Each structure stands twice: as C-alpha cells, then as structure tokens.
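Quick notes on the structure that follows.
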Amino acid sequence: MPPLQGGTMKDQQAEKAGKALDQLQIELPSWGFANTGTRFGKFIQAAAATSIEEKFSDAGQVHAVTGACPTLALHVLWDVPEGVPGAANVKRISEKYGVRAGAINPNVFQDQEYKYGSLGNPDVAIRRKALEHIRESIGIAAALGSRDISLWFADGSNYPGSQSMRRRIEYFEDGLKEAHASLIPGQRMLVEYKPFEPAFYHTDIADWGMALLLAKAAGPQATVLVDTGHHYAAQNIEQIVAWLLHQGMIGGFHFNDRRYADDDLTLGSIDPYQVFRIFHELHAYAAEKGKAADIAFMIDQSHNLKGKIEAAIQTVVTAQELFAKAALVDHGRLSGLQKDCSIVDAEECLRGAFWIDVRPMIREWRRGRGLPEDPMKAFRESGYLEKITRERHDKNMGAISTYA
Ligand code: LRH
Ligand code: MN
C-alpha cells in the first residue's frame, strides 16, 4: 500500500474510524434486559433482569466490555413506579454500576383508562391523567439529570368513524404544549411516531410529518425521534432522516431491525445496509456542517429468544462496525461525483465503504482504549451470566404466564 501523506490508506482509515467510534455512545433500553415477549407468549429466561438494580447491573456489563454504553433508558412504570420519590434510589444504583440514567420514557399506554387513548382521549380527565404522568416523568428526568423525555403514544383507533382524527390532533397539540411548558432548561422532548400497533385503523402520531408538526407546535425543546422499526417496508428511512436533519428536528433514534413490521429484532440482523445508509446521512451532514447533529443513539429492542446481555453486546458491536464503515466514505469525493451525476462512481464510492472490513481496526481501537478486543468473548469468559442465572433462576422461572 503506497505511503500516503499521514501514513498508509489503512492508517488513515483507522484514524477516521477511531475518531467516529470515539463519538459513538449507544444508550441501551432497560426493557432489553427484562423478560419480554409477543402477544403469543413470553419465553422466560432464568438470567433476565426484573429489578432496576439488575437492569443497571447488566447494562454495566455491556458498558464494561464495549466502553460505548454509559447510559440506560428507563420506562417509568417499569423502572421508577414510585415516580420522583424513587429517583434518589435510581441515582444510587446508577452510581454503583457506573451507568447513568438516560432518556426517561413515560408509560401512557398500559393503564385501563388509556383504552381510547391518553393525550388523544376524548375524555378530558384521562388526558389530564396522561399529562400528569408526563409531568412526573419530566420531574424524574430533572432529579436524575437526564436530558431527554422520550414520548411514544399508542393512541389511535381500530375502526373508521370510531374516533375524530382531527379533534384528536387538537388534543395532542394542547397536551404536548402543556408538557413542553413543564420542561426545565436543557431538557428535550422527543416525539416518537409509529404507523400502527396497537391501533390498527389510525394512529394519532403515525409518521415523521405528524411528529414534526406536533413537535414544532409544542415548542423549541421538542424534536423528533426516529424508531427504525416504525416504518412501512417500502419507506426510505434515510430520506426521512435527511429531511429531519435539514429541518434541524431530529433528536434521537431507536435502533432495531425488522423483516416485516415493528419486530424489534437486533440492529443489523436483517438489513445492515439500511443502518449503514442512515449512518451515512449523519456522517455526510457532519462532514458538510463541520459538526455532528445533536442526536441520541438509543436501542429499542425486545430480546425474546436471544440471551438479553449477549443480544445487547451483539447490537453495540454491530452498530460500531456500521458506524465506522459509514465514517470511511470519502465525503468530498462523493459530493463531487453527485454534482457531476457520475452515478455509478458515486454509488461505488458509498457502497465501497460498506465492504471495508473494519473489524481489525476496531479491535485496534479497543486495544488502544484498554477494552477487550472481543467484547462477546470477554463477557462469556467473565462468568457473570452463570452468576446471575444462579441468583435469579427461582424468581424468574416462577413467573411463567400465558396470553389468554
Ligand atoms: C413502541 C416503542 C416505544 C417504547 C416501546 C418499548 O413500539 O418503540 O419506543 O415505548 O417500544
Ligand atoms: Mn421505540
């Protein structure tokens, strides 16, 4: 390989990939460590986490072997059911395991009252209940020093005519404005959209446009969250990301993968090139603007069959590989080829980076930071899984449930 200014091409690539990986922090979901399932059943894992302490402990293991997961997203009713009074205990636990609390996710979808919606419910008392819970979640975030309040609403309807979609828009505008008014300086409200499920006729916040307009109407601290699983198969997700970057209105991602719908499978397990194309939009934006967009990289998966901690490690490693590959695109050259409409060379300039095997340079990057070269191997050799399986077996195996 001819020596180039500043070492060989490989050296330059390793440096570029290393710089990108230094920026990449991935937030894990507490619910990724718990026993979750589908409506057809839940396959209990003896080692799964049930308590908030166990979730932080498991997240601490992933952070220890990857060095890339300093925060854990929390879902309020699953993790801090006591509300603000429970925040001090969470803070103590997060310090014990060296993982900070990340985005705070209110639960406005599981209570019986939310049958016809939460902020979109025709009953003003139920809209108020939902708003109170969101305000409590904002208080928890303030107490824990978390910046993001991540809002997803299951709200919608199952039958044409059963609800006024336009009236519900007004309810959401009012509710999100009131929620925004409770934010403290520096906090962000992330509005997540989803086309369907659990509602199967209309969902009130069904796509990026609806989330964008509601976030803009709510106030300057509101922005949009893109869950990669919340798109129809034919949708061009990276184009949506390009639009939201252009608008300065993308605050975070929920990464996962899917073959059909919101399957919540592990990132890059079905379509790694999809994630690469999304990461490319982010790197190209940063290359053009001279700085990266302020985006929270969060994982939102439910590990129904894979070991929960192994699935999390696999996810982080895959994200690092795809983020490093996308960082190796020659943005200057690509931009020129795009302007010249040299479509084959432009495509090859992009795709060529996807084919680069970045694993050796990532191992080097880990070695350089005192991290295990092979995080999965390090975790498997740690004996942690055997320890928690022994400790948690009886508690978990006693909790087998059925759908109906
Ligand atoms: C909804 C969703 C949302 C979370 C939930 C766990 O499908 O993506 O982000 O609240 O999953
Ligand atoms: Mn999500």
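The values are calculated or read from the model by the stated rules, or taken from the named source; none is laboratory data. As the structure is a computational prediction, the values presented were derived from the model and not from experiment. Backbone-built Cβ (ideal geometry, glycine too); neighbour counts: all protein chains shown. Heads up: the accessible areas ignore ligands, DNA and RNA and are worked out on the full protein's heavy atoms, side chains in. Shrake-Rupley method; radii C 1.70, N 1.55, O 1.52, S 1.80 Å.
Among residues of region 42-53 that are at pLDDT below 95, those with a beta-carbon under 7 Å from a residue that is hydroxyl-bearing (S, T, Y) and assigned to a loop (DSSP other than H, G, I, E, B) at least six positions away or on a different chain give the pairs K42/T36; K42/S401. Within region 276-310, being more than 16 Å from ligand 2 (Cβ to nearest atom), open to solvent by less than 50 Å² (accessible area, probe 1.4 Å) and small (G, A, S) holds for A284, A286, A293, G307. Entry remark, region 241-275: residues being within 22 Å of I149 (Cβ to Cβ) and either open to solvent by 40 Å² or more (accessible area, probe 1.4 Å) or of a type in the set (A, V, I, L, M) (or both) number 7 in total.
Counted as qualifying within region 269-381 are the helices (runs of 4 or more DSSP H) with 2 or more residues that are under 18 Å from the mean Cα position of the chain (by Cα) and not polar (S, T, N, Q), namely 272-289, 308-327. Going through region 5-27 one residue at a time, which ones are open to solvent by 20 Å² or more (accessible area, probe 1.4 Å), in contact (Cβ under 8 Å) with a residue 12 or more places away in the chain and farther than 18 Å from V65 by Cβ? Correct list: K10, Q13, A14, K16, K19, Q23. Per the conditions (1) open to solvent by 10 Å² or more (accessible area, probe 1.4 Å); (2) within 16 Å of S302 (Cα to Cα); (3) among the hydroxyl-bearing types (S, T, Y), the sole criterion not satisfied by S30 is (1). On inspection, F33 qualifies as within 16 Å of ligand 1 (Cβ to nearest atom), aromatic (F, W, Y) and touching a residue at least 40 places away in the same chain (Cβ under 8 Å). Annotation note: Cβ proximity below 8 Å between a residue of region 243-256 that is within 18 Å of L213 (Cβ to Cβ) and more than 16 Å from ligand 1 (Cβ to nearest atom) and a residue that is open to solvent by 10 Å² or more (accessible area, probe 1.4 Å) and of a type in the set (S, T, Y) (sequence gap 6+ or interchain) occurs for L245/Y285; M249/T223.
In region 192-217, what residues are outside any loop (DSSP other than H, G, I, E, B), open to solvent by 10 Å² or more (accessible area, probe 1.4 Å) and hydrophobic (A, V, I, L, M, F, W, C)? Of everything in region 192-217, those that are outside any loop (DSSP other than H, G, I, E, B), open to solvent by 10 Å² or more (accessible area, probe 1.4 Å) and hydrophobic (A, V, I, L, M, F, W, C) turn out to be W208, M210, L212, L213, L214, A217.
Can you confirm whether region 44-53 contains a residue that is open to solvent by 10 Å² or more (accessible area, probe 1.4 Å), assigned to a helix (DSSP H, G or I) and either under 27 Å from A326 (Cα atoms) or touching a Phe, Trp or Tyr at 6+ places or on another chain (Cβ under 6 Å) (or both)? Please lay out each step first, then the result.
First pass over region 44-53, keeping only residues open to solvent by 10 Å² or more (accessible area, probe 1.4 Å): 44-47, 50-53.
Adding the requirement that they be assigned to a helix (DSSP H, G or I) leaves 52-53.
Now drop any that are not either under 27 Å from A326 (Cα atoms) or touching a Phe, Trp or Tyr at 6+ places or on another chain (Cβ under 6 Å) (or both), which leaves none.
Looking for residues that are open to solvent by 10 Å² or more (accessible area, probe 1.4 Å), assigned to a helix (DSSP H, G or I) and either under 27 Å from A326 (Cα atoms) or touching a Phe, Trp or Tyr at 6+ places or on another chain (Cβ under 6 Å) (or both), one finds none in region 44-53, hence no.
Give region 66-89 a look and list any residue that's within 16 Å of ligand 1 (Cβ to nearest atom) and part of a helix (DSSP H, G or I), or say none. Across region 66-89, the qualifying residues are V76, L77, W78, D79.
Considering only region 236-259, state which residues are away from ligand 2 (no atom under 16 Å from the Cβ) and assigned to a loop (DSSP other than H, G, I, E, B).
Within region 236-259, N236, G248, M249, R259 meet the criteria.
Could you look through region 95-148, keep only residues that are assigned to a loop (DSSP other than H, G, I, E, B) and β-branched (V, I, T), and pick out the one that is surrounded by the fewest Cβ atoms within 10 Å (Cβ to Cβ)? Restricting to residues being assigned to a loop (DSSP other than H, G, I, E, B) and β-branched (V, I, T), the top hit is V99. Here R92 fulfils each of the conditions (1) farther than 24 Å from Y193 by Cβ; (2) in a strand (DSSP E or B) apart from (2). Taking the stated definitions as given, is Y232 out of contact with any Cys (no Cβ under 8 Å at 6 or more places or on another chain), open to solvent by 20 Å² or more (accessible area, probe 1.4 Å), hydroxyl-bearing (S, T, Y) and in a loop (DSSP other than H, G, I, E, B)? Spelling it out, Y232 is indeed out of contact with any Cys (no Cβ under 8 Å at 6 or more places or on another chain), open to solvent by 20 Å² or more (accessible area, probe 1.4 Å), hydroxyl-bearing (S, T, Y) and in a loop (DSSP other than H, G, I, E, B).
Whether any residue in region 163-174 is within 16 Å of ligand 2 (Cβ to nearest atom) and open to solvent by 20 Å² or more (accessible area, probe 1.4 Å) is what I want to check.
No: zero hits.
P160 passes every criterion in (1) within 16 Å of ligand 2 (Cβ to nearest atom); (2) in a loop (DSSP other than H, G, I, E, B); (3) surrounded by fewer than 20 Cβ atoms within 10 Å (Cβ to Cβ) apart from (1).
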